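Here the structure comes first, spelled out in structure tokens, and everything after it is commentary.
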Number of protein chains: 2
Amino acid sequence: MSESENSKQQRHKKRMQARKEIVDSGIANALEERGIAIVYTGDGKGKTTAAVGTVTRALGYGYKVVVGQFIKGVWECGEKNLLSQLDPEIYPLQWHEMGTDFTWETQDFEADKAAALALWEKLKAALADESVYLVVMDELTYALNYKWLDKTEVVAAIQNRPREQSVIITGRGAKQYLMDVADTVTEMKSHKHAFENGVSARKGVEW
Amino acid sequence: MSESENSKQQRHKKRMQARKEIVDSGIANALEERGIAIVYTGDGKGKTTAAVGTVTRALGYGYKVVVGQFIKGVWECGEKNLLSQLDPEIYPLQWHEMGTDFTWETQDFEADKAAALALWEKLKAALADESVYLVVMDELTYALNYKWLDKTEVVAAIQNRPREQSVIITGRGAKQYLMDVADTVTEMKSHKHAFENGVSARKGVEW
């Protein structure tokens, strides 16, 4: 090995050593084992998609998962095709939808609200069920921001859920009270989007 | 219906109508059908998870998917448990790993680089294969930023891929040349993380 290769190797080793120490000390301090609440918000791609990824992950360990989608009810999507084909004995998944079309298609506040409340009742039951490991409330922020649901009731149900249960909430415009109840908040910030350059939403990638 | 309920209903209808017009005009202008390149970067949770969600989605339509993970090779994870159990005739997935431990565990630049290059060769072949619908290069930014891979070669392979193929690149610290080659760039921005408050990474949620 030449001298410069050797010094590069040494620099790399030193940098990785420093990084390992930081990671190790973080791991040593993060010892509390319990379910967590995650909020994925912001205007960028990837919020629902990250929730779907987590559903796949949790099911991979055989954990029981309940998903409720507040907006995208009637859309075809690839993940539903796959996940609905799984053996429910091995991969226990419940998938609930609002059962109406996209909100700005229906334009009927009372019908939308009733559908949202019916979905919320199912999710509220899941949030009180110790056998459920993960509850996903996809696009919940819309249901809250349109005032279809009572935010005090939603926050209380999240806070009082079983200790081992995790929750994922997705949607644009998450308000501070949702961020406060979460352990982890990621804002998906759009830097650019294919849609803006005239490219259609891609089957199997975006839906 | 009372007058105030009626006016609330009218306001809702007007707002939804306005939104529908915006969405419809966007859809009318986004007509180009082709594969897209997505970059998920930033320091927040959800980058790899969103990639996993997209893999589930694409497989749900029976599309052929190739995944390469540049860093997380030997980690156990729930999604791998599930996805590796699927019938490959129905869900054609190839999943490649670097086959070394986490980079800051090994601290051996040459071994890491060789493992990254071997993985890159597989991904380069996928990026030239018309039968592959989606290529995921998880944590590619590390492999580029550590200079394990030649960025000119990587960028060219992404740009020259088949027109119908989509690509997802994940990892912190994506440089401008990667953003430039992408159609969609989302920055996962961390607002808070359970880890910082002493909560362990949650099985079935974070891995």
Conditions (1) within 14 Å of chain B (Cβ to nearest Cβ); (2) in a loop (DSSP other than H, G, I, E, B) -> residue A:128 fails only (1)
Matching residues in the range B:166-175 (out of contact with any Asp or Glu (no Cβ under 6 Å at 6 or more places or on another chain), of a type outside the set (D, E, K, R), more than 10 Å from every other protein chain (Cβ to nearest Cβ) and in a loop (DSSP other than H, G, I, E, B)) number 1
| task | Would you be able to say whether some residue in the range B:151-172 is of a type in the set (Asp, Glu) and at pLDDT 95 or above? | result | yes
Of the residues in the range A:131-165, those that are out of contact with any strand residue (DSSP E or B) (no Cβ under 7 Å at 6 or more places or on another chain) and within 12 Å of chain B (Cβ to nearest Cβ) come to A:142, A:145, A:146, A:147, A:148, A:163, A:164
Filter the range B:176-206 for residues that are surrounded by fewer than 17 Cβ atoms within 10 Å (Cβ to Cβ) and closer than 19 Å to residue A:58 by Cα; the one that is farthest from the other protein chains (Cβ to nearest Cβ) is B:201
The lone condition residue B:116 fails out of (1) more than 8 Å from chain A (Cβ to nearest Cβ); (2) at pLDDT 95 or above is (2)
Inspect all residues belonging to the range B:135-156 and state whether any of them is part of a loop (DSSP other than H, G, I, E, B) and closer than 21 Å to residue B:56 by Cβ. yes
Of (1) surrounded by fewer than 18 Cβ atoms within 10 Å (Cβ to Cβ); (2) modelled with pLDDT under 90, residue B:12 fails just (1)
Subset of the range A:39-60, residues at the interface with chain B (Cβ under 7 Å from one of its Cβ atoms) and farther than 20 Å from residue A:201 by Cα, comes to A:40, A:54, A:56, A:57, A:58, A:59, A:60
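The values are calculated or read from the model by the stated rules, or taken from the named source; none is laboratory data. What you are looking at is a predicted structure, and each value in this text was computed from that prediction instead of being measured. Ideal geometry is used to build each Cβ from the backbone, glycine not excepted, and the neighbour counts take in all protein chains shown.
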